[in-house]
1. If you check Asp259, Asp299, which single one turns out to be of a type in the set (Asp, Glu) and surrounded by fewer than 19 Cβ atoms within 10 Å (Cβ to Cβ)?
2. Can you tell me which residue is surrounded by the most Cβ atoms within 10 Å (Cβ to Cβ) among those in the stretch 148-195 that are under 22 Å from the mean Cα position of the chain (by Cα) and of a type in the set (Ser, Thr, Tyr)?
3. Would a scan of the stretch 307-321 turn up a residue that is in contact (Cβ under 8 Å) with a residue 12 or more places away in the chain and closer than 30 Å to Gly489 by Cα?
4. Given (1) in contact (Cβ under 8 Å) with a residue 60 or more places away in the chain; (2) farther than 17 Å from Gly458 by Cβ; (3) aliphatic (A, V, I, L, M), identify the lone condition not met by Ile360.
5. Quick check: is even one residue across the stretch 408-415 in contact (Cβ under 8 Å) with a residue 40 or more places away in the chain and aromatic (Phe, Trp, Tyr)?
6. How do the pairs read when you match residues in the stretch 442-461 that are under 17 Å from Ala392 (Cα atoms) and free of Cβ contacts under 8 Å to residues at least 60 places away in the same chain with residues anywhere that are among the charged types (D, E, K, R) and surrounded by fewer than 18 Cβ atoms within 10 Å (Cβ to Cβ), using Cβ under 7 Å and keeping only pairs 6 or more apart or on different chains?
7. Could you list, in sequence order, the residues of the stretch 8-50 that are at pLDDT below 95 and either charged (D, E, K, R) or at positive phi (or both)?
8. Among the helices (runs of 4 or more DSSP H) confined wholly to the stretch 1-115, which include 1 or more residues that are crowded, with 21+ Cβ neighbours inside 10 Å, among the basic types (Lys, Arg) and touching a residue at least 60 places away in the same chain (Cβ under 8 Å)?
Amino acid sequence: MGRRTSRRRYWCGGNREPGQDVFFIEALDERLWRPGSAEEWDACWYTGMPDPEVFERLDPTRSINHIPGNNALTIKSHLARTLARHRALIAGRPQAPEMAFFPATFIMPADYPALQEAAAARPGRRWLLKPANSSRGRGIRLLADAAAAPREPGWIVQEYVARPHLYEGRKYVLRLYVLITSVEPLVAWLYEEGFQKLASAPYDPDDPGNIYAHLTNPDVNETNTAAPSPVVFVGLGRYRQWLREQGIDDAALFTRIEDMLRMTVIAGRENMRRRLAEVEADTRGCYELLGIDCLIDADLKPWIMECNLSPSLEVCAAPDDGGDFEAATKRRLVEDMVALLGLNEIPDPALLSAPVPERIITTFTRQTARRGGFRLLCPGPDPAAHLAAFPAPGAGDVHLLAHLHGQLPELVFAPEEAGELYEEDRLLLYAAREGRIMALNEVASLVWLKMAEGEPIGRIADMLAARSSDPWATRRSVWALVDDWARRGLIRLAGSEPDPAIARPAPAAAG
């Protein structure tokens, strides 16, 4: 494997508990890795979000366990905006109604009047008050009266899901692990195991003051001295077996959960893509492990509660309350993540220097072969549905889907809130939503005119790529144009109609 001096360096940083790094360090092959420092590292394992300059140290051979722009998902107030904006962007498509999986959320203080209006329209509802950017259940409490919500920044108020599905009389959430390994193409993996996290007191809707009945966070419940087992973790396998014993179709439920997780990751993609473009380094080594908490209600509808940055890898439960299983699962999770990412492989110079289209396919193929307990979440199994889940897909998304499925459905877009103007021989667009005029260059003008005639975007990209000295760059430019126009409201996917019940998104990017 080489001399000791040739070993690569890892560095663990951030504000963390001692147990957060153990499984990562143990998963690294000690013949290939040795400890490094903040100045010298090839693999950075950071708890929390590192400063921007850390990302500037990246090169094609280095990796870091975060993706700039992840706050579109991992900060509660941003997650609410991200999901609402994405639902508006794809309004009129089948996926839009399916995105009603996040409880009504109000960001203080701007949304205080809207909160009071919603509370007046739904008397008797309860509300969850949460810090906008916190974790481990800190600061969360139940409000019987929305008027008690603070009016200062830093808080969100969320409608309380009042009829949760119960496990042996107790409320629970599911902790699921999603690993994002690429932003374009968007590639994400769902781990086969996870946990059912239980509240430590029986659910009682008439006792809103008992936080141990209404909150499932282990850090909250471990303070319940009256409970013989305050923190209990049940594995997903055992949970699914229990569902089947109750006569519940667990496969159908988990299909709905996977659809929800997929749409959540897709909604966060644009902010990550935009922020990655701002990093002055090669960011292909960025990845993100998210801990996503999902509530199941009494109607077996899944809800996203939150997406956690740097999910805890410490063991929370006592050995007899699922702690041994929790430890073994978290260890396997990190081992399988390290294997999938190829961190224990020697960097392949041929792959690092390969053309982008080839690199996309080779990287995906190798990750698939090393996936262990991870299953592919994104791209989804239905190429037509996956393509339509974006305002417009990127060239990388189309390229990977074509590799997986062969011939793809053609995407046709039509002008919507745009007017065509001409200045001599130059095409201008009036963007009605923004109230401004946009000048198009020669390529953009050709793409617009062909698209307005009903030509599928893929065919337009093929035509222009065939004439180009850099076909891949041309394809990327075409799909990027279409995505930008879709986000600005200038075009819509043919066959989709605007839904007046869904608010239009603001022009600015979320996050």
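The values are calculated or read from the model by the stated rules, or taken from the named source; none is laboratory data. Fair warning: this is a prediction, and the values are worked out from it, not measured in the lab. Heads up, the Cβs are rebuilt from the backbone with ideal geometry, glycines too, and the neighbour counts pull from every protein chain shown.
1. On inspection, the qualifying residue turns out to be Asp299.
2. This residue is Tyr177.
3. Scanning the stretch 307-321 turns up at least one residue that is in contact (Cβ under 8 Å) with a residue 12 or more places away in the chain and closer than 30 Å to Gly489 by Cα.
4. The single condition Ile360 does not satisfy is (2).
5. Yes: one or more hits.
6. Pro456/Glu410; Ile460/Lys450
7. Correct list: Arg16, Glu17.
8. The qualifying helices (runs of 4 or more DSSP H) are 76-89.
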